[in-house]
Amino acid sequence: MAMEGMRDLLRGALGRSLSSLKPEDKLAAAWPVACGKVLAERGTVVRFVDGFVHVEVTDGAWLRQMISMQGQLAGEMGRISGVQVRGIHFEVKDQKKKDYRQ
């Protein structure tokens, strides 16, 4: 079997096995399949809100790489997980957020 055929077979099997999980868990399981091992090690699905997957990324260089692939990744994650994904929001992990409230 060709490598592409095997990949499609594995994606289909993963999608079927995820049917009983919550959408966020389905997306987290689909993440490494959608983006591959190298990217998956640099980002983590942290939540799913209003159709948007939120992914924490290890640093700014990987953030730029993932943003450039956002449409492709969203499509693959939705297809694999069976969850409707409107988009992906990436943010750098552990980046201190400023609080302007007084």
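The values are calculated or read from the model by the stated rules, or taken from the named source; none is laboratory data. Everything numeric in this text was worked out from a predicted model, so none of it was measured. Note that each Cβ is placed from the backbone with ideal geometry, even for glycine, and that neighbours are counted across all protein chains shown.
Considering only segment 42-62, I want to know if a residue exists there that is out of contact with any Lys or Arg (no Cβ under 8 Å at 6 or more places or on another chain), loosely packed, with under 13 Cβ neighbours inside 10 Å, of a type in the set (D, E, K, R) and modelled with pLDDT of 95 or more. Looking through segment 42-62, none of the residues is out of contact with any Lys or Arg (no Cβ under 8 Å at 6 or more places or on another chain), loosely packed, with under 13 Cβ neighbours inside 10 Å, of a type in the set (D, E, K, R) and modelled with pLDDT of 95 or more. The one condition from (1) under 15 Å from K93 (Cβ atoms); (2) assigned to a helix (DSSP H, G or I) that V46 does not meet is (2).
When G12 is tested against (1) at pLDDT below 95; (2) in contact with an Asp or Glu (Cβ under 7 Å, 6 or more places away or on another chain), exactly one condition is not met: (2). Scanning segment 58-74 for residues that are closer than 19 Å to R86 by Cβ and of a type in the set (A, V, I, L, M, F, W, C) turns up M66, I67, M69, L73, A74.
The condition of being touching a residue at least 24 places away in the same chain (Cβ under 8 Å), surrounded by fewer than 16 Cβ atoms within 10 Å (Cβ to Cβ) and under 16 Å from W31 (Cβ atoms) holds for only one of G75, G87, that being G87.
Any chance segment 80-97 includes a residue that's in a helix (DSSP H, G or I), out of contact with any Phe, Trp or Tyr (no Cβ under 7 Å at 6 or more places or on another chain), at pLDDT below 95 and on the phi < 0 side of the Ramachandran plot? Within segment 80-97, one or more residues are in a helix (DSSP H, G or I), out of contact with any Phe, Trp or Tyr (no Cβ under 7 Å at 6 or more places or on another chain), at pLDDT below 95 and on the phi < 0 side of the Ramachandran plot.
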